[in-house]
Amino acid sequence: MEKQKLLTIGEISKFTGSSIKSLRYYEQIGILKPDFINPETSYRYYSFDQIYLIEVIQFCVELDIPLKDLIKFIDQNETIDYGSLLSYGKKIAEKKLQMIQDGLKFIASAEHEINLVETYKREKKPYYREMKEKYFYATPCSFPMNESQRSKSLAQLFSELQTHESRGFELLDYGLFIEYFPTGFQAYVFVEVPKRMKALDHVKTIPAGRYVCQQNEEECLHQATHLFSELFKANDCLLVIESELFASRYQISKPIKELKAIGLYIR
């Protein structure tokens, strides 16, 4: 073995940009074996050609391909099946690209909502918002309910939804809503889901329309009959939703609430 033709672990670290700690880790998991180990000093030495293997490892790291999967493409003779690896990497990259695109759509949606919220921020009187059709995964609840009960109920809904497909990158509501009827009312705790999940059990379709809205720093769903008294006078059935506003400056301990109300059946 002509050691002078080999690279020290420090040299190959410098050439590839991989830290010495990373190189040792790659050896530990079996994907990068030193070309020579000095039996007296235990110093590691690498051939120049192993730089290409390190670049492949870096490629896998960048694409979030688990390094344990890389072993599948290296046989006992340390031959790398680049064709299969690149095909596998392409699928991973396409999935990652889709996630990035979905993330950008989420950001655009969030920015739009923030701009809309800022338009009505701190309104002292009711205002109108056009709302598209929504889908609420909901369960009946007692009303009024305290913050602890609300949090536990929401946590239960989120837990149940974990057994279904991911909600993905979407700006979705959660909170409480009440359906008012001439004979009484029914309250629900809800988590909004995307349209593709509307066929799930316990999903209620919330109608599109022009909603009367009111902001408040405190929970105010119990004041709905007072805040929307004119709407109650004109309709036999109403839907009132309470959720948190997605504002540019969001105070976690005291988020701004928004009530949204719409008449379902006009007298």
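The values are calculated or read from the model by the stated rules, or taken from the named source; none is laboratory data. If you're wondering where the values come from, they're calculated on a predicted model, not measured in any experiment. Cβ atoms come from the backbone with ideal geometry, glycine included; neighbour counts cover every protein chain shown.
Observations on the model:
- The criterion of being of a type in the set (Gly, Ala, Ser), assigned to a strand (DSSP E or B) and under 22 Å from SER109 (Cα atoms) does not hold for GLY263.
- Applying the set (1) in contact with a Phe, Trp or Tyr (Cβ under 6 Å, 6 or more places away or on another chain); (2) within 29 Å of LYS121 (Cα to Cα) to GLN214 leaves exactly one unmet item: (1).
- When each of ILE37, ILE12 is tested for being of a type outside the set (Asp, Glu), surrounded by 14 or more Cβ atoms within 10 Å (Cβ to Cβ), over 35 Å from the mean Cα position of the chain (by Cα) and over 30 Å from ILE100 (Cα atoms), the lone residue that passes is ILE12.
- Of the residues examined, ASP201 is not one that is part of a strand (DSSP E or B), free of Cβ contacts under 8 Å to residues at least 60 places away in the same chain and charged (D, E, K, R).
- Which listed residue is hydroxyl-bearing (Ser, Thr, Tyr), at pLDDT 85 or above and either exposed (fewer than 14 other Cβ atoms within 10 Å of the Cβ) or not assigned by TED's automatic domain parsing to the domain that holds ALA138 (or both), from SER229, SER248: SER229
- Subset of the range 143-189 that is out of contact with any strand residue (DSSP E or B) (no Cβ under 7 Å at 6 or more places or on another chain) and within 30 Å of ASP236 (Cβ to Cβ) - its residue that is surrounded by the most Cβ atoms within 10 Å (Cβ to Cβ): MET145
- Residue in the range 139-148 that is assigned to a helix (DSSP H, G or I), over 23 Å from the mean Cα position of the chain (by Cα) and outside the structural domain of THR8 (by TED's automatic domain parsing) present: yes
- Residue tally, condition more than 24 Å from GLN28 (Cα to Cα) and either among the aliphatic types (A, V, I, L, M) or surrounded by 13 or more Cβ atoms within 10 Å (Cβ to Cβ) (or both), over the range 53-85: 0
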